[in-house]
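The values are calculated or read from the model by the stated rules, or taken from the named source; none is laboratory data. Keep in mind the model is a prediction, meaning the values are calculated, not measured. Backbone-built Cβ (ideal geometry, glycine too); neighbour counts: all protein chains shown.
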Amino acid sequence: MKRSETRELVKKAYGKIAQAKNGCGCGTCGPDAREFARSIGYSETELNAIPDEANLALSCGNPTALAGLKKGETVLDLGSGAGFDCFLAADKVGRNGKIIGVDMTPQMIEKARENAKKNKIKNVEFRLGEIESLPVADNSVDAVISNCVINLSPDKQKVFQEIYRVLKPGGRVAISDIALNKKLPEKVQKSMDAYVGCISGALLVDEYKKSVESSGLKDVKITSKGTSICIDPETKDPIGRAILDSLEDGQDLDEYAVSIYIEARK
Ligand SMILES: C[S@@+](CC[C@H](N)C(=O)[O-])C[C@H]1O[C@@H](n2cnc3c(N)ncnc32)[C@H](O)[C@@H]1O
């Protein structure tokens, strides 16, 4: 499949999630989305500081907890969704700081802008665009964050080059993403549902590190934090079905996919 086709399929899937009445990932909404967020590293205080509507349970970690954000900083969130981490980062950098969220799905951008307006959050700007070609100036941001997005890119090398370009010298990277411990069964590799579900586009952990390093970013540190991929064997959503049906008896997804944190600096 061509890269542009992959991107279109991903865009369509996340457009639907953004538009669903209580659109959330992992079959999880409302109070369950808060519970899910707590399970992947968000504190109650952090969750109280951001609008619940921005939490679509599409994340796999808490990159803002790693980024060491300071008052007055400019932060870029790649694949900002409904604005979850942007609003949290906005709280951390204060009114003199600025957050830019970039997402290629128009419905996500619309939802994120509505959330900002409704909650009177003024230091966040959402830009429609691709993370492989960021609508952001060179050397202009202090920190790049991203949450469960880069695995969805069909050109990850370009994403890391773009991160390098937009960071100020000394700028930091704090990313949460999915990676693989070993190659997935062929059926999962080919499943577009598993791609959209953040599994089959994921890189092997070693490949991930090499890919970040080859962009020029320094002090690359990858921390594996176990799996936080929520597949409900009862509900058997399309992503779960594609994955679970292809695992052999006695195997489970944790052997393959893992949530990781990536830290680096320019
Ligand atoms: C799994 S969701 C995560 C959303 C958000 N980071 C969160 O934690 O709630 C992935 C998001 O990345 C966006 N996305 C995926 N691939 C992208 C790309 N190549 N360029 C820009 N945005 C992309 C999707 O539109 C979607 O909003």
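When region 63-122 is examined, which residues are found to be over 15 Å from residue 176 (Cα atoms), part of a loop (DSSP other than H, G, I, E, B), of a type in the set (Gly, Ala, Ser) and more than 14 Å from the ligand (Cβ to nearest atom)? Hits for region 63-122 are 72, 94, 97. Set side by side, the residues 153, 176 differ, and just one is buried (at least 17 other Cβ atoms within 10 Å of the Cβ), at pLDDT 95 or above and under 19 Å from residue 66 (Cβ atoms), which is 176. If the condition is being modelled with pLDDT of 90 or more and on the phi > 0 side of the Ramachandran plot, then region 14-60 contributes only 41. Taking residue 128 as the residue in question, decide whether it is in contact with a Pro (Cβ under 9 Å, 6 or more places away or on another chain), hydrophobic (A, V, I, L, M, F, W, C) and either surrounded by fewer than 19 Cβ atoms within 10 Å (Cβ to Cβ) or at pLDDT 95 or above (or both). In short, yes.
Scanning region 111-163 for residues that are aliphatic (A, V, I, L, M), in contact with a strand residue (DSSP E or B) (Cβ under 6 Å, 6 or more places away or on another chain) and free of Cβ contacts under 8 Å to residues at least 40 places away in the same chain yields a count of 1.
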